[in-house]
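Note sheet for the following structure.
Taken together, the values in this text are just the output of simple stated rules run on the coordinates, not laboratory data. These numbers come from a predicted model, not from an experiment. Backbone-built Cβ (ideal geometry, glycine too); neighbour counts: all protein chains shown.
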Amino acid sequence: MRILTFFHTMATIAHKRNFIVSLTNTDGSIITDHEQKANMLWTNYKNGLGVSEFTDISYNLSSLLLMHNLEDLDADFTDGEIEGVIKNLPNSHAPGPDGFNGLFIKKCWNFIKDDFIRLFKDFCDNNINLSSINSSFIALIPKKENPENIDDYMPISLLNYSLKCITKILSSRLQKVIL
């Protein structure tokens with residue numbers, strides 16, 4: 001029971017520390033309503049990212065693909081590739097949406113290895129719903145001690161670690177083919 005109390009206390013402290021109580025609007029007014037804060041943040045970052053419009057590709061993609069043998073790109077992942085990526089994960093980068101970082105994955109590898117390998121096998125066999133792992137969360141990291149407005153926060157994207165590992169293996173394979 002003491003462990004549950006400890007966990008609950010730590011979660012409550014983290015929630016209070018991470019909660020944005022108020023934001024100052026461009027006109028100087030203070031916004032405390034959750035929906036108004038969310039709309040203000042959404043609008044600001046959406047406008048900041050901009051909108052792109054597709055333009056024609058100016059190079060011949062077919063000729064680029066024909067220059068390289070890409071047959072091995074879709075081969076099943078080997079245990080060596082998976083374990084190599086896990087070994088090279090940075091320990092303290094931002095955690096994924098589940099709250100786990102590279103150090104957690106490495107320390108718990110003996111316990112989670114079979115699940116990771118099964119996930120990677122399902123990925124290779126097209127037997128996985130990618131929307132379950134191919135999403136990210138935007139987290140706002142305060143740039144200073146007492147943030148007051150939107151510019152006092154730095155947005156970062158939290159990706160699922162299993163997806164990071166899959167993309168690292170695929171990009172490593174692609175580098176080998178191109179180089």
Mind ranking 141-150, 156-165, 26-35 by how tightly packed they are, going by the mean number of other C-beta atoms within 10 angstrom, highest first? 156-165, 141-150, 26-35
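So between Lys121 and Ile141, what do we pick up on full extension, going 0.36 nm a residue minus the alpha carbon distance? Each step should come with its number before you reach the end.
Details: separation 20, 0.36 × 20 = 7.20 nm, distance 3.49 nm.
Full-extension gain reported as 3.7 nm.
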Per residue of region 139-146, in order, report the coupling 6.51 cos²θ - 1.76 cosθ + 1.60 (Karplus, θ = phi - 60°) as ³J(HN,Hα) in whole Hz, putting x for Gly and Pro. 10, 9, 9, x, 8, 9, 4, 10
In order through region 86-91: 3J(HN,Hα) via Karplus (6.51 cos²θ - 1.76 cosθ + 1.60), integer Hz, x for Gly, Pro: 4, 4, 8, 5, x, 5
In what order do Thr167, Thr9 fall by count of nearby beta-carbon atoms within 10 Å, going from fewest to most? Thr9, Thr167
Sorted by Cβ neighbour density within 10 Å, fewest at the top, the residues Ile128, Ile117: Ile117, Ile128
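Using the structure shown, select from Lys143/Lys164; Lys121/Lys168; Lys121/Lys164; Lys106/Lys168; Lys143/Lys168 the pairs with a Cα to Cα distance greater than 18 angstrom.
Values: Lys143/Lys164 26 Å; Lys121/Lys168 15 Å; Lys121/Lys164 15 Å; Lys106/Lys168 16 Å; Lys143/Lys168 29 Å.
The pairs that break the limit, which is 18 Å between Cα atoms, are Lys143/Lys164; Lys143/Lys168.
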The long-range amide H neighbours of Tyr153, using H built 1.01 Å from N in the peptide plane and a cut-off of under 5 Å, are Lys143
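Treat every Asp and Glu Cβ in region 78-179 as -1 and every Lys and Arg Cβ as +1, leave all other atoms uncharged, and give the resulting dipole magnitude about the Cα centre to the nearest 20 debye. Don't skip to the end; give the middle numbers.
Values: 12 positive and 12 negative charges, 81 e Å.
For region 78-179, the charge dipole is close to 400 debye.
Quick check: net charge around Ile30, other residues with Cβ under 13 Å of its Cβ, Lys/Arg +1 and Asp/Glu -1? Can you show the working numbers first?
Numbers: positive: Lys37; negative: Asp27, Asp33, Glu148.
It works out to a net charge of -2.
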